Amino acid sequence: MAAKTHLFNCLSDNFGALIHDPQTGATASIDAPEAAAVEAALAATGWMLTDILVTHHHNDHTAGVAELKRKHKCRVVGPRSDQFKGVDETIGEGGTVKVGSLTARVLETPGHTLDHICYIFDSEKIAFLADTLFSAGCGRVIEGAMPQMWHSLLKLRALPDDMAFHCGHEYTQANIKFALTIEPDNPDLKARAREADALRAAGKPTLPSTIGAEKKFNCFLRADVPSVAAAVGLAGKSAEEVFAEIRMRKNKF
């Protein structure tokens with residue numbers, strides 16, 4: 001049986017996500033921004049929490065971990081990090097983690113933080129990318145360097161086009177407003193803007209998106225496209241330089 005996912009709101013603009021294996025009953029929370037929101041999601045689905053898969057150490061992704069672990073006696077898996085100690089098992093690039101009969105492989109995606117990892121459920125065609133890749137955007141480069149973040153995005157861009165993904169925040173509309181300053185005539189970006197506006201007007205999330213769709217309109221994934229480089233006055237420059245310019249513009253937007 002195929003995995004089931006449940007997306008829900010946490011804090012002010014965070015997403016929480018559960019992935020459930022119907023075959024075994026195992027359920028993982030991807031991060032735990034706040035315990036109460038995860039508990040409400042478990043109650044709504046009737047699922048039992050067996051695992052928490054942590055993506056990075058930021059408090060808006062880990063604040064609920066300790067309380068949930070105490071209550072549910074669940075396993076906590078996370079990156080090798082000195083900044084968050086509440087994990088039972090650490091995992092890194094090329095490692096795999098089981099949630100019941102489901103298997104996720106891990107990609108290290110440093111940039112937003114140095115310890116950031118993503119969970120890729122290949123057989124289910126679903127990925128959890130937290131604060132590395134957003135729809136029409138990417139995470140702010142806080143601990144890492146710009147070239148490091150670009151190469152992390154390249155790892156994600158190399159995933160199959162039909163790979164759906166969830167991320168850590170509902171930033172899509174704000175990201176699109178910025179992206180239109182880079183590629184105002186991109187028809188795929190304009191279509192995504194209309195879609196996102198309609199979803200939010202209906203009270204629905206703008207996620208999941210797909211890797212294939214993002215490659216058409218996410219300017220952060222398109223730093224090696226000549227027209228994008230030209231749009232920021234860096235024609236002929238390296239993709240790393242173009243990405244850094246776009247990211248710095250977004251920081252000030």
Ordering of 146-154, 229-237, 216-224, 194-202 by burial proxy (mean other Cβ atoms within 10 Å per residue, highest first)
216-224, 146-154, 229-237, 194-202
log₁₀ I(q)/I(0) of region 4-252 at q = 0.15 Å⁻¹, via Debye over equal Cα point scatterers, no solvent, to two decimals?
-1.02
Within 10 Å of each residue's Cβ, count the other Cβ atoms and sort ILE19, ILE91 from fewest upward.
ILE91, ILE19
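Would you mind ranking GLU93, GLU183 by Cβ crowding within 10 Å, fewest neighbours first? It would help to have the intermediate numbers written out before the result.
Working: GLU93 12, GLU183 19.
Placing the least packed residue first, the sequence is GLU93, GLU183.
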Counting each DSSP H run of 4 or more residues in the chain as -39500 (n - 2.57), what helix-only mean residue ellipticity at 222 nm follows after dividing by all residues, to the nearest 500 deg cm²/dmol?
-10000 deg cm²/dmol
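Can you give the relative contact order of the chain as a percent, counting alpha carbon pairs under 8 Å and 6+ residues apart?
Working: 522 pairs, mean separation 32.7, N = 253.
Value for the chain: 13 percent.
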Please go through the residue pairs LYS215/LYS252; LYS4/LYS125; LYS177/LYS252; LYS155/LYS237 and name each one whose alpha carbons sit more than 18 Å apart in this structure.
LYS215/LYS252; LYS155/LYS237
Nearest 10, in degrees from 0 to 90: the angle of helix 187-201 to the longest Cα principal axis of the chain is 40
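Quick note: the coordinates plus some simple rules give every number you see, no bench work behind them. These numbers come from a predicted model, not from an experiment. We place every Cβ from the backbone using ideal geometry, glycine too, and count neighbours over all the protein chains shown.
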